[in-house]
Amino acid sequence: MRSPAIGNKIVDFFTLAHKISFYPLIVAIVLWMATTLFSHSEPFRFSDSKAYWFEANALVHDGEFREPFDTGTVPTTWRPPLTGFVTSLVLRTCDDPNVVVRLQQLMFFITAICLFACMRKLNVRAGIAMLFALFYLWLPSINDVARSIMSETWFMLFVVFSIFCALCLKDSRSRSSLMLFALMCGVSAGLALLTRTVFVALIPTILILVFQLIQTKKKSIAIWLFFFAFLATLAPWTLRNYQVHHQFVFINTADGYNVYLGNVHDTATMPAKHPDRQRIEILRKRYGEIKTQKILKSRAWRYILSHKAQSLKRWGVNSIKLWLSTTSRPRPLLFRLIVVFSKFTLLALALIGFFVFRKQAEAWAFICTPVFLTIVHAMTFATWRFWIPAAPACVFLAAMIVNKWLDSCIEFSMALGRGARG
């Protein structure tokens, strides 16, 4: 006959492991902050980094958004404004780009705290939530981007915070807290879209979480408040675009260029002296920014429809590249294997989590992010860092399934103890 102490000892082991896991996790977080905040930064590693710095300087000196490729002579709506705007605020007090990088690294840490809060809202144990928040911080792709001036920093913060507010809506008891979280969710979602237009791939995730509230008339008010706050956040920039171009431009004008670049060319970038790049510049000078984008979009879709098999093949390659590419610079094979392993471990756990929790609205909301993000980048172009917006949703699903496995282990141990007593 089994000793009743066997089951109790197993339960005690899991309980003790759960408690003491906090200490190494806290040490790991402190280590991340030390290695990241005091590590060598590369503010202008990417071409986008230089463009954001140019935008910030133009805002400080001219009060207008301009881009390097038009020699800074024409107000532009080429890219969403928020990263350049925030960078300009720092530039007004300090002209050191490394300060911007350190601020962005701090924002990544705050994003991890928001991730932890979201997982707690999903009833994930504190130790597991902290483990996955730390896993997010140590992702190689995150650490690579964190060393340069990039839009991912602010984008991820606003995305995760909007998800947190949407999760809080479901648990809100008072009318005032319901209205507050609805407004904050709408504002944060609007700021995310003003940071990167790829947020359109994440909108289904936010809408599914918000529309869970439609069940009661009282909570449906929150949905209207969400949309009001979302559109009100976007309105100043949209009005500015109309004032500059005398045409309606919702966020930016680069969508035609992205579709053209991703489908008519095999690579995501063209050299400055490439004939097509020069032709695009001629189009911009002749027709202006908005009409040029319409021309490029039309040409891209004509090319796609006339080369269907080639386009489908390219979209498939882009989908694989999104999840398999590691970095833009030469790295040791071991580093590349670690990057791919971390991605696929997270994705595999997320898929298992979706399958197990598929009856919950949250599972459908979170799986929408990697699915729609893959579709968007398959039809435009993909590179190693474009998968990052899918990381939080994958983290949530992975944490949910690991939490369930731990609960099952504890329940089995307790059942084993009860059986031994019997």
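From Phe412, Phe396, Phe381, which residue is out of contact with any Phe, Trp or Tyr (no Cβ under 8 Å at 6 or more places or on another chain), of a type in the set (Phe, Trp, Tyr) and closer than 26 Å to Thr327 by Cα?
Working: Phe412 fails: closer than 26 Å to Thr327 by Cα; Phe396 fails: out of contact with any Phe, Trp or Tyr (no Cβ under 8 Å at 6 or more places or on another chain).
After applying the criteria, what remains is Phe381.
I need every pair where a residue in region 234-250 that is over 12 Å from Pro81 (Cβ atoms) has its Cβ under 8 Å from the Cβ of a residue that is aliphatic (A, V, I, L, M) and at pLDDT 90 or above, sequence separation at least 6 or different chains.
From residues that are over 12 Å from Pro81 (Cβ atoms), the pairs are Phe250/Leu234.
Return yes when Val145 is more than 18 Å from Ile113 (Cα to Cα), crowded, with 20+ Cβ neighbours inside 10 Å and in contact with a Lys or Arg (Cβ under 6 Å, 6 or more places away or on another chain) and no when it is not.
yes
Which of the residues belonging to region 168-198 are of a type in the set (A, V, I, L, M, F, W, C), in a helix (DSSP H, G or I) and touching a residue at least 60 places away in the same chain (Cβ under 8 Å)? Can you show your working first?
Within region 168-198, the first condition is being of a type in the set (A, V, I, L, M, F, W, C), and the residues that meet it are 168-169, 178-185, 187, 189, 191-194, 198.
Cutting the leftovers down to in a helix (DSSP H, G or I) gives us 168-169, 178-185, 187, 189, 191-193, 198.
Within region 168-198, Leu191, Leu193, Val198 meet the criteria.
Hey, among Leu261, Leu213, Leu231, which residue is over 27 Å from Arg385 (Cβ atoms) and at pLDDT below 85? Spell out the reasoning first.
Numbers: Leu261 fails: over 27 Å from Arg385 (Cβ atoms); Leu231 fails: at pLDDT below 85.
None of the others qualify; the one that does is Leu213.
For region 357-376, which residues satisfy the criterion of being among the hydrophobic types (A, V, I, L, M, F, W, C), more than 17 Å from the chain's Cα centre (by Cα) and exposed (fewer than 15 other Cβ atoms within 10 Å of the Cβ)?
The one that is among the hydrophobic types (A, V, I, L, M, F, W, C), more than 17 Å from the chain's Cα centre (by Cα) and exposed (fewer than 15 other Cβ atoms within 10 Å of the Cβ): Ala361.
Could you check, for region 117-125, whether at least one of its residues is small (Gly, Ala, Ser), in contact (Cβ under 8 Å) with a residue 24 or more places away in the chain and over 25 Å from Asn252 (Cα atoms)?
Looking for residues that are small (Gly, Ala, Ser), in contact (Cβ under 8 Å) with a residue 24 or more places away in the chain and over 25 Å from Asn252 (Cα atoms), one finds at least one in region 117-125, hence yes.
Select from region 306-323 the residues that are part of a helix (DSSP H, G or I) and either of a type in the set (S, T, N, Q) or without any contact (Cβ under 8 Å) to a residue 60 or more places away in the chain (or both) and list them in ascending order. If you could, list the steps in order and put the result at the bottom.
Going residue by residue through region 306-323, those that are part of a helix (DSSP H, G or I) are 306, 308-323.
Selection gives Ser306, Lys308, Ala309, Gln310, Ser311, Leu312, Lys313, Arg314, Val317, Asn318, Ser319, Ile320.
To keep it simple, each residue is scored yes or no on (1) more than 20 Å from Thr383 (Cα to Cα); (2) loosely packed, with under 12 Cβ neighbours inside 10 Å; (3) at pLDDT 90 or above; (4) in contact with a strand residue (DSSP E or B) (Cβ under 7 Å, 6 or more places away or on another chain).
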| residue | (1), (2), (3), (4) |
| --- | --- |
| Val317 | no, no, no, no |
| Leu334 | no, yes, no, no |
| Ile338 | no, no, no, no |
| Leu346 | no, no, yes, no |
| Leu349 | yes, no, yes, no |
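If the requirement is being in contact with a helix residue (DSSP H, G or I) (Cβ under 7 Å, 6 or more places away or on another chain), more than 17 Å from Phe366 (Cα to Cα), in contact (Cβ under 8 Å) with a residue 60 or more places away in the chain and β-branched (Val, Ile, Thr), which of these qualifies: Val145, Val159? Reasoning before the result, please.
Values: Val159 fails: more than 17 Å from Phe366 (Cα to Cα).
Exactly one residue qualifies, and that residue is Val145.
Of all residues being part of a helix (DSSP H, G or I) and surrounded by fewer than 14 Cβ atoms within 10 Å (Cβ to Cβ) in region 408-422, which is modelled with the highest pLDDT? Just the residue, please.
Kept after step one, since they are part of a helix (DSSP H, G or I), are these residues of region 408-422: 408-421.
With the extra rule that they be surrounded by fewer than 14 Cβ atoms within 10 Å (Cβ to Cβ), the set shrinks to 408, 411-412, 415, 418-419, 421.
Details: Ser408: 85, Glu411: 77, Phe412: 73, Ala415: 71, Arg418: 64, Gly419: 61, Arg421: 57.
So, considering only residues that are part of a helix (DSSP H, G or I) and surrounded by fewer than 14 Cβ atoms within 10 Å (Cβ to Cβ), the one modelled with the highest pLDDT is Ser408.
What single numbered condition from (1) touching a residue at least 24 places away in the same chain (Cβ under 8 Å); (2) closer than 29 Å to Leu397 by Cα; (3) assigned to a helix (DSSP H, G or I) fails to hold for Tyr303?
So Tyr303 meets the others, but not (2).
Are there any pairs, at least 6 apart or on different chains, whose C-beta atoms fall under 8 Å, with the first in region 35-55 and in a helix (DSSP H, G or I) and of a type in the set (S, T, N, Q) and the second buried (at least 20 other Cβ atoms within 10 Å of the Cβ) and at pLDDT below 85, and if so, which?
Short answer, once both residue conditions are applied: Thr36/Ala146.
Could you go through region 56-79 and let me know if any residue there is small (Gly, Ala, Ser), under 20 Å from the mean Cα position of the chain (by Cα), in a helix (DSSP H, G or I) and modelled with pLDDT of 85 or more. Talk me through it step by step, then tell me what you get.
To start, the set of residues in region 56-79 that are small (Gly, Ala, Ser) comprises 56, 58, 63, 72.
Going one step further and asking which of them are under 20 Å from the mean Cα position of the chain (by Cα), we end up with none.
No, the conditions are met nowhere in region 56-79.
Just wondering, is there one or more residues in region 268-287 that are at pLDDT below 75, more than 19 Å from Val200 (Cα to Cα), of a type in the set (Asp, Glu) and within 27 Å of the chain's Cα centre (by Cα)?
Taking every residue of region 268-287 in turn, none turns out to be at pLDDT below 75, more than 19 Å from Val200 (Cα to Cα), of a type in the set (Asp, Glu) and within 27 Å of the chain's Cα centre (by Cα).
The values are calculated or read from the model by the stated rules, or taken from the named source; none is laboratory data. For clarity, every value in this text was computed on a predicted model and none was experimentally measured. Note: ideal-geometry Cβ built from the backbone for every residue, glycine included; neighbour counts use all protein chains shown.
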